[in-house]
Amino acid sequence: MAIQDCCSQPGLRPFADARADMLNRLEMVAETDFVPLERALNQLLAEPVASPLDVPSFANSAMDGYALRAEDIGDGRGLELIGTSLAGHPFTGRVGPGQCVRIMTGAAMPLGADTVVMQENCRSEHNIVTPCGPVRPGQHVRQAAEDLAQGEAVFGAGMRINARVLSVLASLGLEQVPVRRPLRVALLSTGDELKEPGELLAPGDIYDSNRIGLGAMLTRLGVEITDYGIIRDDPERIREVLLKAAARADAIITSGGVSVGDADYTRQVLEEVGEIGFWKLAIKPGKPFAFGHIGRCAFFGLPGNPVSAAVTFHLLARPALAKMAGERSSGPLLLQARALMPFRKTPGRMDFQRGIVAPQADGSLGAVPAGSQSSAVYSAMAEANCLLHLEQDRGDVAAGETVTLELIDGLYW
(Lines give C-alpha, C1' and ligand atoms only; values in the text may rest on other atoms or scores of the structure.)
Protein backbone atom coordinates (compact mmCIF):
# COMPACT_ATOMS: atom_id res chain seq x y z
CA MET A 1 0.00 0.00 0.00
CA ALA A 2 1.38 3.41 -1.05
CA ILE A 3 2.12 5.86 1.74
CA GLN A 4 0.75 9.40 1.44
CA ASP A 5 3.15 12.32 1.78
CA CYS A 6 3.20 14.38 4.96
CA CYS A 7 1.22 17.23 3.37
CA SER A 8 -1.65 15.01 2.26
CA GLN A 9 -3.76 15.15 5.40
CA PRO A 10 -7.33 13.81 5.37
CA GLY A 11 -9.98 16.42 4.66
CA LEU A 12 -8.17 18.39 1.96
CA ARG A 13 -10.64 19.63 -0.66
CA PRO A 14 -10.45 17.73 -3.99
CA PHE A 15 -9.48 19.93 -6.92
CA ALA A 16 -12.56 19.44 -9.13
CA ASP A 17 -14.95 19.93 -6.20
CA ALA A 18 -13.21 23.12 -5.05
CA ARG A 19 -13.09 24.57 -8.56
CA ALA A 20 -16.79 23.90 -9.20
CA ASP A 21 -17.76 25.36 -5.80
CA MET A 22 -15.67 28.47 -6.44
CA LEU A 23 -17.18 29.11 -9.88
CA ASN A 24 -20.71 28.70 -8.49
CA ARG A 25 -20.02 31.45 -5.93
CA LEU A 26 -18.91 34.03 -8.51
CA GLU A 27 -21.04 36.50 -10.47
CA MET A 28 -20.35 38.12 -13.80
CA VAL A 29 -19.59 41.83 -14.02
CA ALA A 30 -22.43 43.21 -16.15
CA GLU A 31 -21.14 46.65 -17.14
CA THR A 32 -20.51 47.22 -20.85
CA ASP A 33 -19.04 49.90 -23.08
CA PHE A 34 -18.42 50.63 -26.75
CA VAL A 35 -14.76 50.95 -27.76
CA PRO A 36 -13.08 51.60 -31.11
CA LEU A 37 -11.41 48.60 -32.75
CA GLU A 38 -7.93 49.92 -31.98
CA ARG A 39 -8.71 49.59 -28.25
CA ALA A 40 -10.59 46.30 -28.40
CA LEU A 41 -7.67 43.83 -28.37
CA ASN A 42 -7.87 41.32 -25.48
CA GLN A 43 -11.30 42.58 -24.41
CA LEU A 44 -14.51 40.52 -24.37
CA LEU A 45 -17.51 41.05 -26.61
CA ALA A 46 -20.53 42.05 -24.53
CA GLU A 47 -23.11 41.25 -27.22
CA PRO A 48 -23.38 38.93 -30.22
CA VAL A 49 -22.06 40.38 -33.47
CA ALA A 50 -23.96 39.85 -36.74
CA SER A 51 -22.54 40.72 -40.12
CA PRO A 52 -23.89 44.05 -41.43
CA LEU A 53 -22.98 43.07 -45.00
CA ASP A 54 -22.14 40.19 -47.29
CA VAL A 55 -18.49 39.10 -47.07
CA PRO A 56 -17.22 39.31 -49.69
CA SER A 57 -19.73 41.84 -50.94
CA PHE A 58 -19.12 40.93 -54.60
CA ALA A 59 -17.88 37.94 -56.56
CA ASN A 60 -14.13 38.24 -57.10
CA SER A 61 -11.17 36.33 -58.42
CA ALA A 62 -9.06 34.06 -56.23
CA MET A 63 -6.23 34.02 -58.79
CA ASP A 64 -4.38 36.14 -61.32
CA GLY A 65 -5.67 34.99 -64.69
CA TYR A 66 -8.54 35.46 -67.12
CA ALA A 67 -12.27 35.79 -66.37
CA LEU A 68 -14.46 34.07 -68.95
CA ARG A 69 -17.68 32.16 -69.58
CA ALA A 70 -17.29 28.45 -68.84
CA GLU A 71 -19.60 27.58 -71.72
CA ASP A 72 -17.08 29.05 -74.19
CA ILE A 73 -14.46 26.44 -73.24
CA GLY A 74 -14.20 23.16 -75.09
CA ASP A 75 -13.87 23.84 -78.79
CA GLY A 76 -10.21 24.89 -78.56
CA ARG A 77 -10.80 28.34 -79.98
CA GLY A 78 -9.15 31.41 -78.48
CA LEU A 79 -11.06 34.14 -76.66
CA GLU A 80 -10.92 37.83 -77.45
CA LEU A 81 -9.30 39.86 -74.64
CA ILE A 82 -11.52 42.93 -74.14
CA GLY A 83 -10.20 44.53 -70.95
CA THR A 84 -8.73 44.26 -67.46
CA SER A 85 -10.23 44.04 -63.98
CA LEU A 86 -7.97 45.14 -61.11
CA ALA A 87 -8.63 45.20 -57.37
CA GLY A 88 -10.34 48.53 -56.77
CA HIS A 89 -10.69 49.15 -60.53
CA PRO A 90 -13.29 46.74 -61.89
CA PHE A 91 -14.00 46.16 -65.57
CA THR A 92 -17.26 48.00 -66.28
CA GLY A 93 -18.32 46.20 -69.46
CA ARG A 94 -19.82 42.77 -70.00
CA VAL A 95 -18.14 39.59 -71.14
CA GLY A 96 -19.99 38.16 -74.11
CA PRO A 97 -19.63 34.95 -76.11
CA GLY A 98 -16.03 34.29 -77.15
CA GLN A 99 -14.61 37.03 -74.90
CA CYS A 100 -12.49 37.23 -71.73
CA VAL A 101 -11.04 39.81 -69.34
CA ARG A 102 -7.60 39.89 -67.71
CA ILE A 103 -8.23 39.75 -63.94
CA MET A 104 -6.11 40.08 -60.82
CA THR A 105 -6.58 38.44 -57.42
CA GLY A 106 -9.34 40.19 -55.45
CA ALA A 107 -10.72 42.03 -58.47
CA ALA A 108 -14.47 42.01 -59.11
CA MET A 109 -15.76 39.45 -61.58
CA PRO A 110 -17.03 41.16 -64.75
CA LEU A 111 -20.68 40.82 -65.69
CA GLY A 112 -21.20 37.75 -67.83
CA ALA A 113 -18.09 35.89 -66.60
CA ASP A 114 -18.40 32.97 -64.21
CA THR A 115 -14.98 31.29 -64.23
CA VAL A 116 -11.32 32.22 -63.84
CA VAL A 117 -8.44 30.36 -65.50
CA MET A 118 -4.99 30.91 -63.99
CA GLN A 119 -2.60 32.81 -66.20
CA GLU A 120 -0.16 29.87 -66.05
CA ASN A 121 -2.78 27.72 -67.80
CA CYS A 122 -3.41 30.13 -70.67
CA ARG A 123 -1.63 31.10 -73.85
CA SER A 124 -1.99 34.76 -74.87
CA GLU A 125 -0.99 36.24 -78.21
CA HIS A 126 -2.25 39.31 -80.09
CA ASN A 127 -5.19 39.84 -77.69
CA ILE A 128 -6.31 36.25 -78.13
CA VAL A 129 -6.29 34.05 -75.04
CA THR A 130 -6.41 30.27 -75.33
CA PRO A 131 -7.01 28.25 -72.14
CA CYS A 132 -4.94 25.09 -71.90
CA GLY A 133 -6.11 21.98 -70.06
CA PRO A 134 -9.39 21.22 -68.34
CA VAL A 135 -11.53 24.04 -66.93
CA ARG A 136 -14.15 23.54 -64.22
CA PRO A 137 -17.10 25.97 -64.27
CA GLY A 138 -16.88 28.46 -61.41
CA GLN A 139 -13.27 27.67 -60.57
CA HIS A 140 -11.13 30.24 -58.75
CA VAL A 141 -14.11 32.50 -58.06
CA ARG A 142 -14.98 33.71 -54.56
CA GLN A 143 -18.73 34.14 -54.58
CA ALA A 144 -20.49 37.02 -52.83
CA ALA A 145 -21.40 36.12 -49.21
CA GLU A 146 -19.22 33.01 -49.47
CA ASP A 147 -17.67 33.84 -46.09
CA LEU A 148 -20.56 35.60 -44.32
CA ALA A 149 -24.05 36.63 -45.37
CA GLN A 150 -25.63 39.87 -44.22
CA GLY A 151 -27.34 39.27 -40.85
CA GLU A 152 -25.45 36.04 -40.19
CA ALA A 153 -24.17 35.52 -36.62
CA VAL A 154 -20.39 35.97 -36.50
CA PHE A 155 -19.34 35.94 -32.83
CA GLY A 156 -21.23 35.32 -29.63
CA ALA A 157 -21.06 37.32 -26.42
CA GLY A 158 -18.03 36.47 -24.33
CA MET A 159 -15.66 35.98 -27.26
CA ARG A 160 -12.17 37.26 -26.44
CA ILE A 161 -10.99 39.67 -29.13
CA ASN A 162 -7.63 38.38 -30.31
CA ALA A 163 -5.83 39.39 -33.51
CA ARG A 164 -7.89 36.96 -35.62
CA VAL A 165 -11.21 38.16 -34.21
CA LEU A 166 -10.11 41.76 -34.63
CA SER A 167 -9.37 41.17 -38.33
CA VAL A 168 -12.85 39.72 -38.90
CA LEU A 169 -14.47 42.67 -37.11
CA ALA A 170 -12.51 45.05 -39.31
CA SER A 171 -13.59 43.16 -42.43
CA LEU A 172 -17.20 43.89 -41.44
CA GLY A 173 -16.49 47.61 -41.48
CA LEU A 174 -17.21 48.03 -37.76
CA GLU A 175 -15.66 51.12 -36.18
CA GLN A 176 -16.50 50.15 -32.61
CA VAL A 177 -17.75 47.10 -30.73
CA PRO A 178 -19.60 46.48 -27.44
CA VAL A 179 -17.25 45.04 -24.81
CA ARG A 180 -17.51 44.10 -21.17
CA ARG A 181 -15.91 46.44 -18.72
CA PRO A 182 -12.44 45.00 -17.94
CA LEU A 183 -12.14 43.45 -14.52
CA ARG A 184 -10.39 45.53 -11.89
CA VAL A 185 -7.84 43.33 -10.17
CA ALA A 186 -5.75 44.28 -7.14
CA LEU A 187 -2.37 42.54 -6.97
CA LEU A 188 -0.01 42.32 -4.02
CA SER A 189 2.67 40.16 -2.44
CA THR A 190 3.20 39.64 1.28
CA GLY A 191 6.41 38.87 3.16
CA ASP A 192 9.17 40.64 5.09
CA GLU A 193 11.74 38.73 3.06
CA LEU A 194 10.66 40.16 -0.30
CA LYS A 195 12.57 42.84 -2.19
CA GLU A 196 11.96 44.53 -5.51
CA PRO A 197 14.28 43.54 -8.38
CA GLY A 198 17.25 45.92 -8.32
CA GLU A 199 17.32 46.35 -4.53
CA LEU A 200 20.14 44.97 -2.44
CA LEU A 201 19.37 41.69 -0.68
CA ALA A 202 20.03 41.37 3.03
CA PRO A 203 20.64 37.92 4.52
CA GLY A 204 17.44 35.87 4.16
CA ASP A 205 15.90 38.17 1.52
CA ILE A 206 14.63 37.11 -1.91
CA TYR A 207 13.33 39.01 -4.92
CA ASP A 208 9.58 39.20 -5.46
CA SER A 209 9.12 37.31 -8.72
CA ASN A 210 5.47 36.35 -8.12
CA ARG A 211 4.03 39.82 -8.57
CA ILE A 212 5.98 40.35 -11.79
CA GLY A 213 4.88 37.02 -13.25
CA LEU A 214 1.27 37.30 -12.13
CA GLY A 215 1.10 40.87 -13.41
CA ALA A 216 2.27 39.69 -16.82
CA MET A 217 -0.38 36.98 -16.91
CA LEU A 218 -3.10 39.42 -15.89
CA THR A 219 -1.98 41.93 -18.53
CA ARG A 220 -2.45 39.30 -21.23
CA LEU A 221 -6.00 38.77 -19.94
CA GLY A 222 -6.92 42.40 -20.54
CA VAL A 223 -7.74 43.31 -16.93
CA GLU A 224 -7.05 46.61 -15.17
CA ILE A 225 -4.36 46.00 -12.57
CA THR A 226 -3.77 48.02 -9.42
CA ASP A 227 -0.39 46.98 -8.04
CA TYR A 228 -0.19 47.41 -4.25
CA GLY A 229 3.40 46.20 -4.20
CA ILE A 230 4.98 44.28 -1.33
CA ILE A 231 3.08 44.29 1.98
CA ARG A 232 5.08 43.45 5.08
CA ASP A 233 4.02 40.74 7.54
CA ASP A 234 1.96 43.13 9.63
CA PRO A 235 -1.72 42.19 10.23
CA GLU A 236 -2.82 45.83 10.54
CA ARG A 237 -1.13 46.83 7.30
CA ILE A 238 -2.51 43.77 5.49
CA ARG A 239 -6.01 44.58 6.78
CA GLU A 240 -5.70 48.19 5.63
CA VAL A 241 -4.59 47.23 2.11
CA LEU A 242 -7.18 44.46 1.66
CA LEU A 243 -10.05 46.76 2.70
CA LYS A 244 -8.78 49.54 0.43
CA ALA A 245 -8.42 47.15 -2.50
CA ALA A 246 -11.82 45.54 -1.93
CA ALA A 247 -13.51 48.95 -2.09
CA ARG A 248 -12.62 49.42 -5.77
CA ALA A 249 -11.57 46.07 -7.22
CA ASP A 250 -13.60 43.15 -8.51
CA ALA A 251 -10.92 40.72 -7.36
CA ILE A 252 -7.83 40.65 -5.16
CA ILE A 253 -4.91 38.35 -5.91
CA THR A 254 -2.25 37.89 -3.26
CA SER A 255 0.76 35.60 -3.06
CA GLY A 256 2.09 34.34 0.25
CA GLY A 257 0.64 34.50 3.74
CA VAL A 258 -2.02 31.77 3.35
CA SER A 259 -0.07 28.85 4.83
CA VAL A 260 0.31 27.92 8.49
CA GLY A 261 3.53 29.75 9.38
CA ASP A 262 3.80 32.08 12.37
CA ALA A 263 3.92 35.12 10.05
CA ASP A 264 1.24 33.98 7.57
CA TYR A 265 -1.38 36.61 8.38
CA THR A 266 -3.31 36.98 5.11
CA ARG A 267 -5.76 34.15 5.76
CA GLN A 268 -6.25 35.33 9.34
CA VAL A 269 -7.10 38.86 8.18
CA LEU A 270 -9.43 37.53 5.48
CA GLU A 271 -11.41 35.67 8.14
CA GLU A 272 -11.76 38.93 10.07
CA VAL A 273 -12.79 41.28 7.26
CA GLY A 274 -14.50 38.86 4.88
CA GLU A 275 -15.24 35.18 4.46
CA ILE A 276 -13.26 32.15 3.35
CA GLY A 277 -14.95 29.86 0.87
CA PHE A 278 -12.26 27.22 1.21
CA TRP A 279 -8.62 26.84 2.13
CA LYS A 280 -6.19 23.98 1.58
CA LEU A 281 -6.70 21.79 -1.46
CA ALA A 282 -5.66 18.25 -2.30
CA ILE A 283 -3.32 19.42 -5.04
CA LYS A 284 0.41 19.69 -5.56
CA PRO A 285 1.80 22.26 -5.98
CA GLY A 286 -0.54 24.75 -4.37
CA LYS A 287 -2.15 23.12 -1.33
CA PRO A 288 -2.44 26.42 0.67
CA PHE A 289 -4.74 28.17 -1.83
CA ALA A 290 -7.46 30.34 -0.29
CA PHE A 291 -10.66 31.56 -1.93
CA GLY A 292 -13.19 33.91 -0.41
CA HIS A 293 -14.83 37.33 -0.55
CA ILE A 294 -14.46 40.72 1.08
CA GLY A 295 -17.89 42.17 0.49
CA ARG A 296 -18.54 41.71 -3.25
CA CYS A 297 -14.83 41.54 -4.06
CA ALA A 298 -13.49 38.04 -4.78
CA PHE A 299 -10.28 37.02 -3.06
CA PHE A 300 -7.68 34.57 -4.37
CA GLY A 301 -4.84 33.85 -1.98
CA LEU A 302 -2.07 32.10 -3.89
CA PRO A 303 0.81 30.29 -2.21
CA GLY A 304 4.16 32.05 -1.88
CA ASN A 305 6.28 29.50 -3.73
CA PRO A 306 6.58 30.77 -7.31
CA VAL A 307 5.63 27.54 -9.12
CA SER A 308 2.66 27.07 -6.78
CA ALA A 309 1.54 30.65 -7.41
CA ALA A 310 1.71 30.29 -11.20
CA VAL A 311 0.02 26.88 -11.29
CA THR A 312 -2.84 27.83 -8.95
CA PHE A 313 -3.38 31.05 -10.88
CA HIS A 314 -3.73 29.03 -14.09
CA LEU A 315 -5.88 26.26 -12.64
CA LEU A 316 -8.12 28.27 -10.29
CA ALA A 317 -7.81 32.07 -10.45
CA ARG A 318 -7.77 32.21 -14.25
CA PRO A 319 -11.09 30.35 -14.80
CA ALA A 320 -12.60 32.34 -11.92
CA LEU A 321 -11.65 35.63 -13.58
CA ALA A 322 -13.02 34.31 -16.88
CA LYS A 323 -16.38 33.59 -15.22
CA MET A 324 -16.47 37.05 -13.62
CA ALA A 325 -15.56 38.74 -16.90
CA GLY A 326 -18.19 36.82 -18.86
CA GLU A 327 -15.67 35.07 -21.06
CA ARG A 328 -16.93 32.16 -23.13
CA SER A 329 -14.61 29.29 -22.26
CA SER A 330 -14.67 25.56 -22.91
CA GLY A 331 -11.90 24.70 -20.45
CA PRO A 332 -8.47 23.28 -21.16
CA LEU A 333 -7.79 20.87 -24.03
CA LEU A 334 -6.49 17.68 -22.40
CA LEU A 335 -4.28 15.32 -24.40
CA GLN A 336 -2.91 11.83 -23.85
CA ALA A 337 0.81 11.13 -23.99
CA ARG A 338 3.24 8.34 -23.14
CA ALA A 339 5.68 8.86 -20.28
CA LEU A 340 9.16 8.49 -21.77
CA MET A 341 10.73 8.23 -18.33
CA PRO A 342 9.40 7.75 -14.77
CA PHE A 343 7.51 10.50 -12.93
CA ARG A 344 7.65 10.30 -9.15
CA LYS A 345 4.29 10.74 -7.42
CA THR A 346 2.84 9.96 -4.00
CA PRO A 347 -0.91 9.23 -3.69
CA GLY A 348 -2.98 11.70 -1.73
CA ARG A 349 -3.08 14.86 -3.85
CA MET A 350 -3.71 15.61 -7.51
CA ASP A 351 -0.30 16.47 -8.91
CA PHE A 352 0.20 19.02 -11.68
CA GLN A 353 3.75 18.26 -12.73
CA ARG A 354 5.59 20.38 -15.22
CA GLY A 355 6.65 18.52 -18.35
CA ILE A 356 7.98 18.74 -21.86
CA VAL A 357 5.90 17.00 -24.52
CA ALA A 358 6.96 16.37 -28.11
CA PRO A 359 5.77 14.25 -31.07
CA GLN A 360 7.47 10.87 -31.44
CA ALA A 361 8.48 9.01 -34.60
CA ASP A 362 5.26 6.97 -34.57
CA GLY A 363 3.12 10.11 -34.37
CA SER A 364 2.24 9.72 -30.69
CA LEU A 365 3.08 12.24 -27.98
CA GLY A 366 5.84 11.58 -25.47
CA ALA A 367 6.41 13.46 -22.21
CA VAL A 368 9.37 13.89 -19.86
CA PRO A 369 9.65 15.92 -16.63
CA ALA A 370 10.76 19.54 -17.05
CA GLY A 371 13.59 19.46 -14.55
CA SER A 372 13.01 19.73 -10.81
CA GLN A 373 9.42 19.48 -9.62
CA SER A 374 10.11 21.58 -6.53
CA SER A 375 7.52 24.35 -6.12
CA ALA A 376 10.36 26.78 -5.42
CA VAL A 377 12.30 26.08 -8.66
CA TYR A 378 10.79 28.34 -11.32
CA SER A 379 13.68 27.98 -13.78
CA ALA A 380 12.50 24.45 -14.59
CA MET A 381 8.95 25.78 -14.95
CA ALA A 382 10.16 28.17 -17.63
CA GLU A 383 11.30 25.18 -19.73
CA ALA A 384 7.96 23.37 -19.50
CA ASN A 385 5.41 23.37 -22.30
CA CYS A 386 2.74 21.32 -20.54
CA LEU A 387 1.17 20.48 -17.19
CA LEU A 388 0.63 16.80 -16.43
CA HIS A 389 -2.65 16.06 -14.62
CA LEU A 390 -1.72 13.13 -12.39
CA GLU A 391 -4.74 11.73 -10.57
CA GLN A 392 -5.10 12.13 -6.80
CA ASP A 393 -4.86 8.41 -5.97
CA ARG A 394 -2.14 7.65 -8.50
CA GLY A 395 1.35 6.66 -7.41
CA ASP A 396 4.62 6.69 -9.35
CA VAL A 397 4.31 6.79 -13.14
CA ALA A 398 6.48 4.24 -14.92
CA ALA A 399 8.01 4.80 -18.34
CA GLY A 400 5.52 3.73 -20.99
CA GLU A 401 2.39 4.55 -18.97
CA THR A 402 -0.22 6.96 -20.34
CA VAL A 403 -0.53 10.40 -18.77
CA THR A 404 -3.00 13.26 -19.27
CA LEU A 405 -1.63 16.71 -19.98
CA GLU A 406 -2.56 20.20 -21.14
CA LEU A 407 -0.37 22.44 -23.23
CA ILE A 408 0.75 25.73 -21.70
CA ASP A 409 3.35 26.83 -24.25
CA GLY A 410 2.18 30.00 -26.01
CA LEU A 411 -0.56 30.78 -23.47
CA TYR A 412 -0.74 34.01 -21.48
CA TRP A 413 2.10 32.89 -19.23
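The values are calculated or read from the model by the stated rules, or taken from the named source; none is laboratory data. Since the model is a prediction, treat every value here as computed from it, not as a measurement. Because the Cβ atoms are built from the backbone with ideal geometry, glycine has one as well, and the counts that use them run over all protein chains shown. Only protein heavy atoms, including side chains, enter the accessible area calculation; ligands, DNA and RNA are left aside. Shrake-Rupley method; radii C 1.70, N 1.55, O 1.52, S 1.80 Å.
Taking amide H atoms as placed 1.01 Å from N in the peptide plane, the amide H of residue 159 lies under 5 Å from those of 45, 328, each 5 or more residues away in sequence or on another chain. Of the solvent-accessible surface of the chain, computed with a 1.4 Å probe and all protein chains present, 52% belongs to carbon and sulfur. Within a straight-line Cα-Cα reach of under 15 Å, residue 244 can be paired with the following aspartates and glutamates, leaving aside sequence neighbours fewer than 8 residues apart in one chain: 227, 236, 272. Label separation (residue 273 vs residue 398): 5.3 nm, computed from points 7 Å beyond Cα along the C-beta direction.
Projecting the alpha carbon convex hull of the range 53-118 along each direction and taking the average yields 4.3 nm². Spherically averaged projected area of the convex hull of Cα atoms, the chain: 28.0 nm². Would you mind checking the pairs 287/345; 195/345; 287/323 and listing those with alpha carbons more than 27 angstrom apart? Cα-Cα > 27 Å for 195/345; rest within. Between residue 87 and residue 39, the modelled labels are 3.1 nm apart [label points 7 Å from Cα along Cα→Cβ]. One decimal place: the segment residue 216-residue 335 gains 40.2 nm when fully extended, by the rule 0.36 nm per residue minus the C-alpha distance. Under 12 Å from a label point 7 Å along Cα→Cβ of residue 53: give me every residue in the range 164-195 with its amide N that close. Within reach of a label on residue 53: 170-175. Computed over the chain with a Gaussian network model linking Cα atoms closer than 10 Å, the most mobile of 311, 154, 101 is 101. Mean separation of Cα pairs under 8 Å and 6 or more residues apart, divided by the residue count, gives the chain a relative contact order of 17 percent.
If you run the Gaussian network model on the chain, springs between alpha carbon atoms under 10 Å, then out of 29, 357, 129 the most flexible one is 129.
Accessible surface area normalised per residue over the chain is 48 Å², counting heavy atoms of protein chains with a 1.4 Å rolling probe.
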